[in-house]
Structures are given as structure tokens and as C-alpha cells.
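The values are calculated or read from the model by the stated rules, or taken from the named source; none is laboratory data. Just so it is clear, the structure is predicted and the values come from calculations on it, not from any experiment. Using ideal geometry, Cβ is built from the backbone for each residue, glycine included, and neighbour counts are taken over all protein chains shown. With ligands, DNA and RNA removed, areas are computed over all heavy atoms of the protein, side chains included. Shrake-Rupley method; radii C 1.70, N 1.55, O 1.52, S 1.80 Å.
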There are 2 protein chains.
Amino acid sequence: MTLKVEIRPGTYFDSIVLMQLQRKLAALPKIEDAGVVMATPANKELLEGFDLLSPEGVEAGPDDLLIVVKSDDANAAADALNQVDQLLQEKRSAISQAFRPHSLGMAAKQLPEAAWVLVSTPGRYAADVVKESLNLGKNVFLYSDNVTLEDEIALKVKARDKGLLVMGPDCGTAVINGVGLGFANRMRVGPIGLVGASGTGLQAITTHIHNLGSGISQAIGTGGRDLKAEVGAITALQGLEILKQDPDTKVIVLVSKPPAAEVATKLLAAARAAGKPVVVDFIGYPPPAHQLGNLYYAISLEDAAELAVNLSNQDIQPQKSSTPKGYLRGLFSGGTLAYEAMLGLQNILSPLYSNVPIDKYQNLEDPLNSKAHTVVDLGEDLFTVGRLHPMMDNDLRIRRLHQEVEDPETKVILLDVVLGEGAHLDPASELAPEIAAAKKLRPEIEFLAIVIGTDEDPQDTSAQIEQLEKVGVQVFRNTGAAIKYINAAYATQSEVVESHLDVGKFKEPLAAINVGLETFYDSVIGQDAGAVHVDWKPPAGGNEKLMDILAKMKN
Amino acid sequence: MTLKVEIRPGTYFDSIVLMQLQRKLAALPKIEDAGVVMATPANKELLEGFDLLSPEGVEAGPDDLLIVVKSDDANAAADALNQVDQLLQEKRSAISQAFRPHSLGMAAKQLPEAAWVLVSTPGRYAADVVKESLNLGKNVFLYSDNVTLEDEIALKVKARDKGLLVMGPDCGTAVINGVGLGFANRMRVGPIGLVGASGTGLQAITTHIHNLGSGISQAIGTGGRDLKAEVGAITALQGLEILKQDPDTKVIVLVSKPPAAEVATKLLAAARAAGKPVVVDFIGYPPPAHQLGNLYYAISLEDAAELAVNLSNQDIQPQKSSTPKGYLRGLFSGGTLAYEAMLGLQNILSPLYSNVPIDKYQNLEDPLNSKAHTVVDLGEDLFTVGRLHPMMDNDLRIRRLHQEVEDPETKVILLDVVLGEGAHLDPASELAPEIAAAKKLRPEIEFLAIVIGTDEDPQDTSAQIEQLEKVGVQVFRNTGAAIKYINAAYATQSEVVESHLDVGKFKEPLAAINVGLETFYDSVIGQDAGAVHVDWKPPAGGNEKLMDILAKMKN
């Protein structure tokens, strides 16, 4: 068995051409297998696994096109390689060459109604194509992967400033005004709009929605990195804005692989301000509850689809509320209660700090002093050296309560009161007078308490509750109930952001310029939408050195 | 306003004594405030916040007892400090000194039926007390915090070897045979048993269970660090074993702050083998589904209680299944589907690796080669440089499929097939023959496919499904359905571990030896259980140097 190898340095062909060449070579007489790849380390390792890597192949670099054929007939292998140019010439496209513009600018003139550019060139060239598209005033669907994070941020900021949208990079799917872009299932138009930082996640939810008999208004992809802290969900926030304004969207679905915690909080604040039911599926992010206000938390993609369809069949009146100024201070004696409160509150209040943070950005560096919204677990080891646990001794908590009351920014104080064996025999008798005194000083502060106890506990749970209620404390019997109350009364809503987005563009019949994979052009045309395919080639034919020189001449 | 300070180097008093001294000093005439603390940095910072830190106080070290009084009358302050010794003498305990044994050994002779020792000494002394208790053949409830991780591991291993249980350190609560230990609410005895690495979590769930009209068989605390990777859930696994064997426990609840991922998998494998319904609330851990086999996932403490009560009212026949030998290999084209599969499978299969790991311990270092159970996302950037996405081109996936079939350890192959615009126009036509050929070679391998598509998709979804089913592929329409199937057929059950635990001890009337906080003795007695309180003092009265010498003399 021999391997014959040809290396073409710095040669660019799009991936479909490479795939077709490989298949044609492998189908030639006496050829057992073939490989046609850019010689990246990963691709060479793959070739090795398929017994397609020869010593010459090992030497090839990531900018080289590596063509390998395997045969037990050396002549047949040589013969196959001789046919490469001819095979590459074979017409593979149904698009008449005559109608193909050679640049974005020409394409834009040819199809002036195109509000979209679909970009699927190799990642290293994609940023330049997107920049050009934005300069032409087009929204972008950016399928390409291997685009740098820096480029992504720069492109998205540029787009936002121009009132345009960049979906991607690595955006697998979108449905704009009924037309699927990239990988997209065909489905009914309907009342559910989606924003998704997850391609197959969007596909799984939208197909399930369709299969349940409902349909999609818009599905806006963001690319998987949009919800990273560095990008800050620029596209997802724009997407929510579009769906908020879209009268045909009755229910919104927000789906993503687990976002950065601070980005999740920001997005949820925007979702809360959407004034419509929003189904949230941050895959792998612990749901704080089944429902908090207009947010419904799903635990899987199927669950998200089913929730959205159910909600779209209900008549839900959105409640408008404004965020009251001031901060919540949670002073806990129970560690798990503090933690569960954090899990709920991180969906509601921002910024939020704690000495039992769920995410490191919530870390309260100085546990002895609160800042912004704060949850302190006063039972943490730090506080209990040579001191009784705060469930037994209220001294430390009462002192902290004074401290919070002195802070003019304090608006709500949340306590837990854990009864039972071992605990203080009458905590309310010590807490209630302090709360009463605090209320005299600062009547605008609201006091909330989570009371954990049974009717058999030595403290007499109902008497404890009564003492607290008598001084105006709002009492809850579990963390979830307190979280629901805080959500309704105090949830952070995102500030109104000046949005330049032309939402009308999303309601017009879709027309698009395609740069890169021809299949995406075929698919848009196949959906009876307008499209033009650019006969794109990388600058300098993909020759790195020449590209550098060209770039320098431009500057 | 003056501060008068007294420092007593290396002096030990238990925290209740310190708390009482502080209160008595603060209540003396003309005294405005008082502080009595061990002079740790945190405590000194707290004193500073209360305006109770003087320059002498700043100089005190963590082994010094720091006594501060604040007054605008210097004489009154001096007078207060002069009363310290007398105040410390005041009898504060109801326990007759005559009945107090001075050592654990004496206590064990006085109450030979005591199977438990409750330890709440300061953390630095606790390990020695626990060791002595284990040597006496007692189970331990270890309330103390500030115990080192090394000590925790050593003590738990020692206990396990002896067939004993160490609940803690930092174990807030437990209910053994109807008697609450530490902080514990009083409640009905009933059919629900709990294992919890979270004190107030256990309290919140058990009180809610009681308030719903049901009751508790046993509630076993583990201490918050038990589910860390280093400890490996030694106590939680023992706890599950006890509840599995306990005929009075019908439903088990497993609650914890988020465990280390590999520990979660291990615990879930043990829970699966329990042969009873198990409600899981790993607070902040994303639930993979509402139910997987005998495991029911709660999203909050209330939810856990409600699920447990509902399940205890149902007649559920446990299904016994054994783990088939061999591994699952998931070859995905959709990133989010791969991720969602991981979220589900990490609850089911162990060990599990992936190039899209949820936790770093699942990281598949070499994405080109599977090991154990593996999920590969073939659409990851690594695989798509100069190559079409696997939704468009099946070549890479088919090659990987061959590779998996050649591996004798492969038992199940799981694929996703994502249809729609942009995707391959007939993926089943390429996959089905390969699967048929693989089945001829390895008939014992089961093929599963998740097919995402609508009835309007260009590929004709039902025809795709038919092609796959014809070659024996089990088809699912979403990830959740596939996970449920894999759970029923292939879930990893924990190996049977030789358990020396004397479960009978947990059914006997509780009797305990108390070392540390007297309130815990009072509470056991108050529940009509047997107890004896040890008049414990730290070795050498807490003098560090003397303790060192004593320790050296012992060795």
C-alpha cells in the first residue's frame, strides 16, 4: 500500500470544493482512500489515524493544502494526483458564472434590497468581510468559526453603533421573517420568538415548537461566545430588543449554553423588561424557581419548547414595574439558606455580593461590610471562632443590622430565623425590638424574614412569627417564597438603552448576499427569498506573504 | 468614652461562657458596651467596627482571650474588669457538677448504651476528641467547624474502617431515630430519610415535610465538605447505605450545596442502587430531567420536600437492573445537543469524557480518541478548519464510527442527525449502510440516534427515521428521550461496597455523650433521650506550648 502526496502551499479552496475533490479522488479506480485537507496539526493527526499521513505530509504546514491518495498500485495513485487540476475544474455549481458578482459592493448593487449578508468564508478572512458588510449598512449572519474574540467584540460594537446586528461568529442558525439562514429547519410562522447563543439548541427548540403545532416569529442566533463576559451579550441584548418590539412575538425564548454569571444577570434584567413572557433555558444553569414574574425557567430544550407553546396559548397581561432605588441586605444564620437565596437573587438583583458567592464575580471581599446588594452568611467559619453560632446568639447579627440601618442605601433587610433544638429559645424576642427601633429611624426600610420551624419546635413557631409580624416584618416560610416576593417588588430591570436598530428590516421579505458556502445561497433561494452569491476569493489567493503586503499598501 | 482592656493569654473558655460574660459585662452599671472574644484577625476587625478595639487589643494574638469594656466612666470600666473572675464563677449550668465525668472514657462507662458522641469543642481540639470517640466504638456527630480537611479525611476513613459514622465537621443537624442532634427541628417520625451535606438545607426540607403532614425516619448530616473531591462523600455514601437498608425509609432525599462533579456522579450511582425513590437536590446543580429512573430532581428545598412527600404516598416498585459492560460513544454534529447530552449523561455514566466537558475532570485530552464513556462534538472548531461542518459532510463522523466499532469496549453508539436547510440532503443514506455494516461486525453494539427535524424539512424527516430504523437504530426526537432510554438500559450503578456499618445502632433508642456546648446536652435530654455531658477542658488548659510538650511525651 503506497501513499502519494501533493502539497500546494498557500492555496485556497472552499471546504465544499475540498470535500468534493476528496470524494472524487477516493472514487477513482484502484484508489482505496483519499484525504484533502489544510495541513493543520489536528487535520494531520486525523490523517494519521486514517493511515493517510506520509513523511511529506508531516512536513506540511497549516497554510498548505495537503492532497493524499492511498492505493496498492503506485501508478494508479500517481495517476489520481495528475487528475487533481481537472477534477477541480469540473463544474460543481448550478449558479451561472455570469450572474456572480466578484465583490460585496457589486452584489449590493445587484440586489439593493438585500438587508443581510451571510458570511461563511474561512474564519481568518471573515472579519474583513463582516466589516465591509457593516460599512454597506447590512446586517450579518456570520457562520464562520475560528474568528478571534477581539474581532468579534470589535465587529459587534461597530454593528451596534450603526444600528445593525451581527449574528455570530460560529452562528449555526437563524430564522428571519420565516426564512432559515445557515442550518435551519423549515417551520410554521407563529407567535414564538427566540434568541439563542446555541445553534442546535435553537434548532431543537424550534423543531419541537413546530412539531407541537405552533410556530416561530424570529429566531436570532448570537454565536456561542456572545454570552461570555468579554462580549457581554451585545447581540443577545439586541435580539431581546427586537423581539420586545415585534408585535407578532407573543412569547420569547432565551436559550444558551451556561452564560457568564454577570452576563446572565444582565440578560435576565433585560428579559424582565421585555413585557412579555420569557422562557429561559440557560442550559446547565440552575433554575432559581419554575417561575419568577414574567420569566419561566426550563430545565431542557424540550421543556423550553413546551413551556413556550403553553404560554403562547394563554392570555398574559404583562406587569410593568420600576426598580426601586436602594439595596437589599441579607443577614443569614443558615449557610444553605444564604446559598439558596443567592441562587435566586442572582437572577433578580444586580450587582450582588456575598461571602458565599456562587460565582467569583459576586465575591464580597470584606465580609464585614456590605456593598450594593449583599447576602452575608454570619455562620461562616470566619465569624464563629470562639463565638456561638448566630442561630444561638443574636449579638453579631443585631450589630450588623444596626450597621445596615446606618447605611442610607439600605432599602430591604432580609433575615432567616431558624428554630428548633439547639437554636436560641426565643430569637424573635431579641430581633423584634431591634427591628422596631430601626423602623422608627428608617421607616422606608422593609424587613423580610424566612422562618424555618415546625409546630412542635420548643420556640412555638407561630408565636415567633407573630412577634415579628407585630413589628412589621413580612414573614415567609421558605426561601422560594421570599425570592418571589423580592422579584415582584425589587427586581432590577435593565436601564432603557438607546437602540438604533431598524426593527422594520426584520419584517421585510428577506433578501441576502451570500459570501462563502454555496449551500447557504441554495437554501435561501430554495425558500423563495432573494439572494445573490459572491464569487469570493481570499485576498492574494490566500497567499499569506502577499496578503501582508496588500494590507500594508492599504494602510 | 474610654476602653478598658484585659488580655488573658492562652486561656480557654467555651463560647457560651464568653457570650454570657460579654452580656453580663455590658449589663453592668455605666457600661455602654463590652466585647469578649478570642483575638483572631476577624474578631479584632469586628471589634473595631463596634468601636471596641484599643491599641492593646490590636497587639493581642489569636490564642489570647480579649476582654473589652466601654464606658464614659473610667472607674466603672475598671470596676467591671475587676468583676470578670467573679462573673466567670457564677453557676450557669443546671447539670450537677457531681454527675459530670471528666473524660470520654469515664462518660462511656457511665452511659454504656451511648452509641453516639456529640462533639462541639473548638475546631483545633475536635479531631482528638473524635479519634478517641472512634476508638471507643462510638458514632460521632461533629458540630465543630475550623477542623482541617486532612483531619476530616483521616477521621472519616478511620470511622469507615471501623463501621462507624462521622457526621461533620461543621455538621449543623441530624435526626437519629427521632432525636434531633445539634440544630434540629422537632418533627413527626415518618417514611422519609435524608442525607444532607447542608445543615439548614436539611432543616428547611425536614420542617417542610413535617408541615406537609409527613415525617422523618433518619436525617443524616455529613458536613459541608463531605462532597468535595478530596473527601469523596465518605459519609454521604454511608448515609445512603443506612437508608437503603432501613425498612422504615420509603423515600430518600439527598441534599447538598453543589458537589464536585465526579463526586456527584459517584453519589448518583449509589442513589440509583438504593432501590427506592431518591429525591436529589444538589442546590445549584442543573437538573438533567425531572425524573431519571428512581431519581427525582428537585430545583429547590421546598420542591424537594414536596416531591418526597408525594413519592412517599405512592406505591413504587423498585426496578433492579445491572450495569452492562462496555462504553457509550456519542458522536455529535450539534454542539448544544452534545452539551445537553453531557448534562444528562454525567448523571448516569461514569467515567465520562468529552471535548465539550461540563467539568474539567471530564476533559477528553485527545479528542481524536475516545476513552471510557465519551461524547465528542465533531462540529468543534478543531475539526472544522478547511472542512465542512459534520451536519453537511458525514465523512469525518463515519470514519470515527469505524474507529469506535473497532474498539472492543464500545457497547452503544449515540448519534445526532440534524435535518433542515443547510444540512446534508440525505444523511441517513450515508449513515445507514455504515451502521448496517458495523452491526454485521459487532451485533452487540446498540445504535441510538437523536433526529432533529420537522415534517417540512427538505430531507423528509420521517423517511430519514425510517432508513435509520430499518438498520436497527433506536430513534429519539430529542436529547431528553435518549437520556431516559440510556438511563434505563445502561446507567452505572455503584459497585457493592463492603459495609461494616451496624445499621441496627440507628434503630436503638438514642443515647449520647456530649463534649462541648452544653445546649446540645440539654436538647438531647429535653427530647427524652439518654445523655451525659463531659466536663471537657482542652489539654493543658489551652496552653499551646504545654500542649506541644504533652503531645511529644505521648509519642
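Only one residue in B:Glu230, B:Glu241 is surrounded by fewer than 23 Cβ atoms within 10 Å (Cβ to Cβ) and within 24 Å of B:Met342 (Cα to Cα), so which one is that?
Step by step, each of B:Glu230, B:Glu241 is checked, and only B:Glu230 is surrounded by fewer than 23 Cβ atoms within 10 Å (Cβ to Cβ) and within 24 Å of B:Met342 (Cα to Cα).
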Quick one: in region A:1-16, which of the residues that are over 17 Å from A:Ala78 (Cα atoms) and more than 10 Å from every other protein chain (Cβ to nearest Cβ) is most open to solvent (accessible area, probe 1.4 Å)? A:Pro9
Which one of these is without any contact (Cβ under 8 Å) to a residue 60 or more places away in the chain and within 13 Å of another protein chain (Cβ to nearest Cβ): B:Leu368, B:Leu364, B:Leu441, B:Leu401? B:Leu368
Working only within region B:2-19, note down all residues that are in a loop (DSSP other than H, G, I, E, B) and closer than 19 Å to B:Ser54 by Cβ. B:Thr11
Going residue by residue through region A:325-333, is there one that turns out to be hydroxyl-bearing (Ser, Thr, Tyr) and either within 13 Å of another protein chain (Cβ to nearest Cβ) or in a helix (DSSP H, G or I) (or both)? yes
Kindly check whether there is at least one residue in region B:250-258 that is away from chain A (no Cβ under 14 Å), open to solvent by less than 10 Å² (accessible area, probe 1.4 Å) and in contact with a strand residue (DSSP E or B) (Cβ under 8 Å, 6 or more places away or on another chain). yes
Which residues, taken from region A:174-196, are open to solvent by 10 Å² or more (accessible area, probe 1.4 Å) and in contact with a Phe, Trp or Tyr (Cβ under 8 Å, 6 or more places away or on another chain)? A:Asn177
So which of B:Lys131, B:Lys162, B:Lys156, B:Lys138 ends up being open to solvent by less than 10 Å² (accessible area, probe 1.4 Å) and among the charged types (D, E, K, R)? B:Lys156
Applying the selection to region B:438-482, what residues are touching a His at 6+ places or on another chain (Cβ under 7 Å) and open to solvent by 10 Å² or more (accessible area, probe 1.4 Å)? B:Asn478
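Looking only at region A:118-128, count every residue that is out of contact with any helix residue (DSSP H, G or I) (no Cβ under 7 Å at 6 or more places or on another chain) and over 17 Å from A:Gly221 (Cβ atoms) and tell me the total.
So the answer is 4.
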Give me the residue from region B:135-174 that is within 15 Å of B:Ile234 (Cα to Cα) and over 18 Å from the mean Cα position of the chain (by Cα) and, out of that set, nearest to the other protein chains (Cβ to nearest Cβ). B:Asn139
Are any residues in region A:279-296 crowded, with 22+ Cβ neighbours inside 10 Å and assigned to a strand (DSSP E or B), and if so, which ones? A:Val279, A:Val280, A:Asp281, A:Phe282, A:Leu292, A:Leu295, A:Tyr296
For B:Leu212, are the conditions met, namely being within 14 Å of chain A (Cβ to nearest Cβ) and either surrounded by 24 or more Cβ atoms within 10 Å (Cβ to Cβ) or under 23 Å from B:Gly275 (Cβ atoms) (or both)? no
Where A:Leu311 falls short, out of the listed (1) under 15 Å from the mean Cα position of the chain (by Cα); (2) away from chain B (no Cβ under 14 Å): (1)
Mind checking whether some residue in region A:271-278 is in a strand (DSSP E or B) and at pLDDT 90 or above? yes
Could you please find all residues in region B:416-434 being surrounded by fewer than 23 Cβ atoms within 10 Å (Cβ to Cβ) and either within 14 Å of chain A (Cβ to nearest Cβ) or within 27 Å of A:Gly182 (Cβ to Cβ) (or both)? B:His424, B:Leu425, B:Asp426, B:Ser429, B:Glu430, B:Ala432, B:Glu434
State which residue pairs qualify: first residue facing chain A (nearest Cβ under 9 Å) and inside region B:282-293, second residue surrounded by 22 or more Cβ atoms within 10 Å (Cβ to Cβ) and of a type in the set (Asp, Glu) in any location, beta carbons under 8 Å apart, and separation of 6 or more residues or different chains. B:Ile283/A:Glu340
Residue by residue through region A:452-502, note down the ones that are of a type in the set (A, V, I, L, M), in contact with a Gly (Cβ under 6 Å, 6 or more places away or on another chain) and more than 11 Å from chain B (Cβ to nearest Cβ). A:Leu501
Would you be able to say whether some residue in region B:342-353 is open to solvent by less than 10 Å² (accessible area, probe 1.4 Å) and part of a strand (DSSP E or B)? yes
Test set (1) assigned to a loop (DSSP other than H, G, I, E, B); (2) open to solvent by 10 Å² or more (accessible area, probe 1.4 Å); (3) more than 17 Å from B:Leu311 (Cβ to Cβ) - B:Ser144 fails condition number: (2)
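Looking at region B:341-349, can you tell me whether even one residue there is away from chain A (no Cβ under 14 Å) and farther than 20 Å from B:Ile283 by Cβ?
yes
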Residues being open to solvent by 20 Å² or more (accessible area, probe 1.4 Å) and charged (D, E, K, R): count how many of those fall in region A:324-341. 1
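Condition check ((1) in contact with a Pro (Cβ under 6 Å, 6 or more places away or on another chain); (2) assigned to a loop (DSSP other than H, G, I, E, B); (3) surrounded by fewer than 14 Cβ atoms within 10 Å (Cβ to Cβ); (4) at pLDDT 95 or above) across all residues:
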{"residue": "A:Asp85", "(1), (2), (3), (4)": "no, no, yes, no"}
{"residue": "A:Leu88", "(1), (2), (3), (4)": "no, no, no, no"}
{"residue": "A:Lys91", "(1), (2), (3), (4)": "no, yes, yes, no"}
{"residue": "A:Ile95", "(1), (2), (3), (4)": "no, yes, no, no"}
{"residue": "A:Pro101", "(1), (2), (3), (4)": "no, yes, no, no"}
{"residue": "A:Ala108", "(1), (2), (3), (4)": "no, no, no, yes"}
{"residue": "A:Leu118", "(1), (2), (3), (4)": "no, no, no, yes"}
{"residue": "A:Thr121", "(1), (2), (3), (4)": "no, yes, no, no"}
Going residue by residue through region B:361-381, is there one that turns out to be open to solvent by 50 Å² or more (accessible area, probe 1.4 Å) and closer than 30 Å to A:Ile209 by Cα? yes
